[in-house]
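Okay, so here's the structure we're looking at.
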Amino acid sequence: MCAMARPRKPLLSTDRIVETARDLVDREGLAAVSTRRLAAELGVSGPSLYNHFRTKDEILEAVADSVSGLVDLSMFEDGRDWRTALHDWAVSYRAALRDHPNIVPVLARGPGRRPAALRLADAVYGAMVDAGWPPAQATSIGALMRYFIMGSALGSFAGGFVDDASAYDPADYPHLGQAHLLAEQQEKIDERAFETGLTALLDGLAQQYEQVRV
């Protein structure tokens with residue numbers, strides 16, 4: 001009688017490590033990540049991770065780059081005008097960060113040597129230069145958009161208010177009588193705030209663009 005074959009464990013790969021680490025960061029934050037914890041999540045021995053990553057920081061860098069890789073860049077290649085492209089890219093970028101907010105502090109360090117992050121920076125800069133922006137201003141636009149998008153992903157404005165009306169005594173805060181209602185409208189308010197700010201940024205850039213093109 002033939003012995004039953006033992007079920008094989010999934011092969012350890014760079015992609016599997018990154019996906020597992022990203023899920024751990026999403027669930028528990030950056031502090032939860034260690035090679036020991038990650039090995040346990042993967043069902044492998046700790047030393048086996050070193051065949052793919054030398055340090056915890058390398059793993060977090062890879063997780064950050066996997067999130068950058070979720071951002072749509074097609075708008076810079078399909079003929080959309082620079083303003084529409086920037087708008088659509090910003091929305092996609094924010095969506096990726098909104099889905100993975102705990103990795104934002106790593107992303108905020110800048111692209112470093114991360115391939116997906118560098119492709120993102122290259123796409124934005126190249127599209128602005130191709131649209132007629134001077135190189136120095138194209139660089140500033142990329143930086144400006146990154147500050148705005150990253151900032152919007154660091155926390156919820158509406159979610160920062162408690163849903164207790166007694167916290168907003170009109171004697172102390174005469175204009176915050178409805179502040180306790182903000183939290184229950186969190187997503188709607190934050191989305192509207194992002195679109196308001198993005199429109200204002202793009203309107204301002206459009207005015208500068210007219211001067212550049214004179």
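None of the figures in this text is laboratory data; all of them are computed from the coordinates on show. Fair warning: this is a prediction, and the values are worked out from it, not measured in the lab. Ideal geometry is used to build each Cβ from the backbone, glycine not excepted, and the neighbour counts take in all protein chains shown.
Observations
- Of the residues L86, A108, L60, the one whose Cα sits farthest toward the positive end of the charge dipole of the chain, with +1 on the Cβ of Lys and Arg and -1 on the Cβ of Asp and Glu, is L60.
- Contact order normalised by residue count of the chain, Cα under 8 Å, 6+ apart, percent: 16
- Charged side chains reduced to their Cβ positions (Lys and Arg at +1, Asp and Glu at -1) give the chain a dipole of some 1180 debye around its Cα centre.
- At least 24 Å along the helix axis (C-alpha) and Kyte average at least -1.0, DSSP helices within the chain: 82-99, 135-153, 186-212
- In a fully extended conformation the segment linking T55 and D15 would gain 12.8 nm over its present Cα-Cα distance, using 0.36 nm per residue.
- Positive-end residue, the chain charge dipole about Cα centroid, Cβ charges, pick of P174, A143, Q207: A143
- Cα→Cβ-extended label distance, 7 Å offset, between R37 and A108, nm: 1.9
- Directionally averaged projected area (convex hull, Cα atoms, the chain), nm²: 18.8
- Cβ charges +1 (Lys, Arg) and -1 (Asp, Glu), total dipole of segment 1-100, debye: 620
- Equivalent ellipsoid semi-axes - Cα gyration tensor, segment 29-85, angstrom: 36, 11, 9
- The loop-placed chymotrypsin sites (Phe, Trp or Tyr not before Pro) in segment 138-198, going by DSSP, that have at most 14 neighbouring Cβ atoms within 10 Å of their Cβ come out as F157.
- Across segment 53-107 the C-alpha pair distances fall into 10 Å bins from zero in the proportions 24, 41, 25, 9, 1 percent.
- With the convex hull constructed from alpha-carbon coordinates only, segment 62-158 shows a mean projected area of 6.0 nm² over all directions.
- Debye intensity ratio I(q)/I(0), log10, segment 151-195, q values 0.14, 0.20 Å⁻¹ (C-alpha model): -0.35, -0.64
- A DSSP coil position with no more than 14 other Cβ atoms inside 10 Å describes the following trypsin sites (Lys or Arg not before Pro) in segment 1-110: R8, R54, R109.
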